[in-house]
Amino acid sequence: MDNGNKKAGILPEDGASEKVTKMTREEAIEFLGLPADADKEAIENRFWQLSKKYRVMRGDEAEQKMADLSAAYDIATGNRDLREQAAEARSHEKQFMGKTKAEWKNYVSYTWKYYVAAVVAVIVSAFLIYTFFFKPRQDCGIISIGNFEHTEEYYDKIVRELGHKYPNLMTYNYVVVNDEGQDEDIFTNQASITSLYSGANVLVTDKATMPYFFDYFTDCTKLYESLEKTLPEETYKKLTPMYMSEKEYRKLIADYRRSKGYDLSDKEADLSNYSDAKIMVGLLIEDEDMVRKLGYTNYWKKQPATVVIGINVLSKDQDESAAIITAMLKGL
């Protein structure tokens, strides 16, 4: 219960007369005008009756009465004795940096999420600094984000045949909607999004993951049309264009955020300003042999192996991105 001492670190006895602070529990109950066998409810009711009376009074005398009342209430309820017992027990416990083992446990239970977030932020920042300032300048990039594993030998061979000496080939096992109870990694999730801003040419996901990365794909209609002329007919027929509209994407993200318990702003909830026009965002491959040749191992338990290949909207050279995808598919 709030006994009128609202500032952190202020104890009920602060400001009270020594006559009151030295009282026993029985004396404090008598001070409140109650019988010796008064229960906690009676003590609380008496405290509130007297506190209302003193709060309307003015002057130093009223403040002193209120201070004495708070101290007497603290003693009568047994709170002072419990606090002193706890302090005595604490004085005999081993302490590290001013806290006992139990206090550290309680502190960590409330703050560990903030420290994890801080560590992730530091790691991601270090990754960015290394990528943009110390790592040899990349001349192309293929980023794979999905619930899969990937071996990069095939991609490395393709881009080097195209004349690239410093390819950035990165794979992130990222589970967006985890309805299969699979392990997740906070650092991987953060780093995968960060990597897209490196200007990588190509973005590869799986069928389940692609819709959540709509914003990072650019329209690949021209690429798909050109592939009909450059790919073997058998390979071309195994490519399925994937379409999505901005309105579908915004609704998907809004529903996803709601499922995570987030409150949406009016702007996020209002889909009326988004277009219904569907964009060809990527090329879906469901042929398991082609997926395997590209170097992917599916991690989904209930979904077949798939990949969706598209051009990263942040790519600095869209034509070169299309050329890399063409070479990737021609080599299958």
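Descriptive notes on the structure:
- Here segment 224-242 is the region considered, the condition is being of a type in the set (A, V, I, L, M, F, W, C) and over 37 Å from the mean Cα position of the chain (by Cα), and the residue that is surrounded by the fewest Cβ atoms within 10 Å (Cβ to Cβ) is LEU231.
- Some residue of segment 203-223 being surrounded by 18 or more Cβ atoms within 10 Å (Cβ to Cβ), among the β-branched types (Val, Ile, Thr), touching a residue at least 12 places away in the same chain (Cβ under 8 Å) and outside any loop (DSSP other than H, G, I, E, B): yes
- Restricting segment 209-245 to residues that are touching a Ser or Thr at 6+ places or on another chain (Cβ under 8 Å) and among the polar types (S, T, N, Q), the residue that is nearest to TYR256 (Cα to Cα): SER245
- Members of segment 126-161 that are modelled with pLDDT under 90, part of a loop (DSSP other than H, G, I, E, B), surrounded by 15 or more Cβ atoms within 10 Å (Cβ to Cβ) and not acidic (Asp, Glu): GLN138
- Any chance ARG250 is assigned by TED's automatic domain parsing to the domain that holds GLY282 and exposed (fewer than 15 other Cβ atoms within 10 Å of the Cβ): no
- Residues being under 17 Å from LYS278 (Cα atoms) and either part of a helix (DSSP H, G or I) or among the acidic types (Asp, Glu) (or both) - total across segment 225-252: 8
- Test: residue in segment 91-99 that is surrounded by fewer than 12 Cβ atoms within 10 Å (Cβ to Cβ), part of a helix (DSSP H, G or I) and either of a type in the set (A, V, I, L, M) or modelled with pLDDT of 70 or more (or both): yes
- Residues satisfying the stated conditions in segment 167-190, i.e. assigned to a loop (DSSP other than H, G, I, E, B), touching a strand residue (DSSP E or B) at 6+ places or on another chain (Cβ under 8 Å) and either surrounded by 15 or more Cβ atoms within 10 Å (Cβ to Cβ) or modelled with pLDDT of 70 or more (or both): TYR174
- Which numbered condition LYS301 fails, given (1) surrounded by 13 or more Cβ atoms within 10 Å (Cβ to Cβ); (2) in contact (Cβ under 8 Å) with a residue 24 or more places away in the chain: (1)
- Here is the figure for segment 281-311: residues that are under 17 Å from LEU329 (Cα atoms) and among the polar types (S, T, N, Q) total 1.
- Selection within segment 278-332: residues that are assigned to a helix (DSSP H, G or I) and hydroxyl-bearing (Ser, Thr, Tyr). The member of this set that is nearest to LEU203 (Cα to Cα) is SER321.
- Test: TYR262 is aromatic (Phe, Trp, Tyr), at pLDDT below 90 and farther than 27 Å from GLU286 by Cβ: yes
The values are calculated or read from the model by the stated rules, or taken from the named source; none is laboratory data. Just so it is clear, the model here is predicted, and its values are computed rather than measured. Every residue, glycine among them, receives a Cβ derived from its backbone with ideal geometry; neighbour counts consider all protein chains shown.
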